[in-house]
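K.L.:
This is the structure, below, for whatever I ask next.
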Amino acid sequence: MAKPRLPRKTLDSYTIKGTNKIIRAGDCVLMRAADSSKPPYVAKIEKIESNGRGGNVQVRVRWYYRPEESIGGRRQFHGAKEVFLSDHYDVQSADTIEGKCTVHTFKSYTKLDAVGNEDYFCRFEYKSATGSFNPDRVAVYCKCEMPYNPDDLMIQCEGCNDWFHPPCINMTVAEAKRLEHFFCQTCASHGEKKTLDTQTAQRQPEVKVDNKRRRR
């Protein structure tokens with residue numbers, strides 16, 4: 001006669017195996033990939049449960065996708081630590097959790113003094129079946145009309161407030177870092193002068209984000 005299935009018990013917290021780090025629902029974690037050559041997966045803990053047998057703990061997670069895991073793959077404006085919050089849910093053994101991580105908002109990530117190994121950022125939600133994004137449009141900057149990549153240095157024009165990549169305006173990164181004032185070619189030709197805002201980029205025309213190509 002089969003043993004009756006024990007009711008599952010929801011846990012408030014779980015201590016990651018081999019560490020003293022405690023996770024709770026709502027925390028983000030790194031989960032070991034089956035292929036040891038791949039980086040750990042990033043996930044958000046939705047629920048922690050125990051089946052009551054020998055401390056067997058499972059977690060319900062919502063996966064974050066890295067750009068290369070999405071339909072269309074990694075694109076030029078995707079940051080090295082960028083992930084997408086997907087609609088893909090799963091149940092995994094808590095033993096596969098390697099450690100905690102933090103998935104910042106895009107704005108808070110750009111304000112970090114230093115980016116650690118456990119720091120990531122998210123600015124899109126991603127539908128895994130269709131490859132669509134929410135939001136599906138983002139602001140673009142510079143002559144190249146690309147969305148902002150926080151890994152790339154950009155400088156702001158004191159005239160129009162647009163932001164530019166140094167290579168796009170025939171400038172090296174070292175030269176850009178030495179600048180005290182900057183006017184783009186258009187504004188310089190008109191002699192416009194405005195106060196430099198080094199903290200907040202003004203929104204520029206938007207670009208459609210899809211899984212195949214960039215459309216204006």
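The values are calculated or read from the model by the stated rules, or taken from the named source; none is laboratory data. The structure displayed is predicted, hence computed values, not measured ones. For neighbour counting, all protein chains shown are included, and Cβ atoms are generated from backbone atoms with ideal geometry for every residue, glycine included. Calculation scope for accessible area: heavy atoms of the full protein, side chains included, ligands and nucleic acids excluded. Shrake-Rupley method; radii C 1.70, N 1.55, O 1.52, S 1.80 Å.
K.L.:
Write out, first by first residue and then by second, each pair whose Cβ atoms fall under 8 Å of each other, whose residues are 6+ apart or on separate chains, and whose first residue, in segment 11-25, is assigned to a loop (DSSP other than H, G, I, E, B) while the second is β-branched (Val, Ile, Thr) and open to solvent by 60 Å² or more (accessible area, probe 1.4 Å).
P.N.:
Close Cβ pairs satisfying both conditions: Ser13/Ile22; Ile16/Ile22; Lys21/Thr15.
K.L.:
Within segment 91-109, track down each residue that is β-branched (Val, Ile, Thr) and closer than 14 Å to Arg32 by Cα. Break it down stepwise before answering.
P.N.:
First, the residues of segment 91-109 that are β-branched (Val, Ile, Thr): 91, 96-97, 102-103, 105.
Scanning segment 91-109 gives Val91, Thr96, Ile97.
K.L.:
Could you grab the pairs with beta carbons closer than 9 Å, sequence gap of 6+ or different chains, first residue in segment 50-66 and in a strand (DSSP E or B), second one modelled with pLDDT under 90 and not hydroxyl-bearing (Ser, Thr, Tyr)?
P.N.:
Ser50/Arg8; Ser50/Lys9; Ser50/Asn56; Val57/Asn51; Gln58/Arg8; Gln58/Asn51
K.L.:
Identify, please: which residue in segment 104-146 is part of a strand (DSSP E or B), under 30 Å from Cys184 (Cβ atoms) and in contact (Cβ under 8 Å) with a residue 40 or more places away in the chain and is, among those, most open to solvent (accessible area, probe 1.4 Å)?
P.N.:
Out of the qualifying residues, it is Arg137.
K.L.:
Can you tell which of Ala176, Ala201 is surrounded by 15 or more Cβ atoms within 10 Å (Cβ to Cβ), touching a strand residue (DSSP E or B) at 6+ places or on another chain (Cβ under 6 Å), modelled with pLDDT of 90 or more and not in a strand (DSSP E or B)?
P.N.:
On the way: Ala201 fails: modelled with pLDDT of 90 or more.
Residue meeting the stated conditions: Ala176.
K.L.:
Scanning segment 26-41 for residues that are open to solvent by less than 60 Å² (accessible area, probe 1.4 Å) and assigned to a strand (DSSP E or B), which turns out nearest to Val91 (Cα to Cα)? Break it down into steps so the answer makes sense when it comes.
P.N.:
Of the residues in segment 26-41, the ones open to solvent by less than 60 Å² (accessible area, probe 1.4 Å) are 26-31, 33, 40.
With the extra rule that they be assigned to a strand (DSSP E or B), the set shrinks to 28-31.
Values: Cys28: 15, Val29: 14, Leu30: 14, Met31: 12 Å.
That would be Met31.
K.L.:
Still on this structure, please answer the following. Being at pLDDT below 95 and exposed (fewer than 11 other Cβ atoms within 10 Å of the Cβ): is that true of Asn20 here? Can you show your working first?
P.N.:
Values: at pLDDT below 95: yes; exposed (fewer than 11 other Cβ atoms within 10 Å of the Cβ): yes.
Here the answer is yes, as Asn20 does meet what is asked.
Per-residue answers, yes or no, for (1) farther than 28 Å from Asn170 by Cα; (2) more than 16 Å from the chain's Cα centre (by Cα); (3) among the basic types (Lys, Arg):
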residue	(1), (2), (3)
Gly99	yes, yes, no
His104	yes, no, no
Val115	yes, no, no
Glu118	yes, no, no
Lys127	yes, no, yes
Lys143	no, yes, yes
Met146	no, yes, no
Pro150	no, no, no
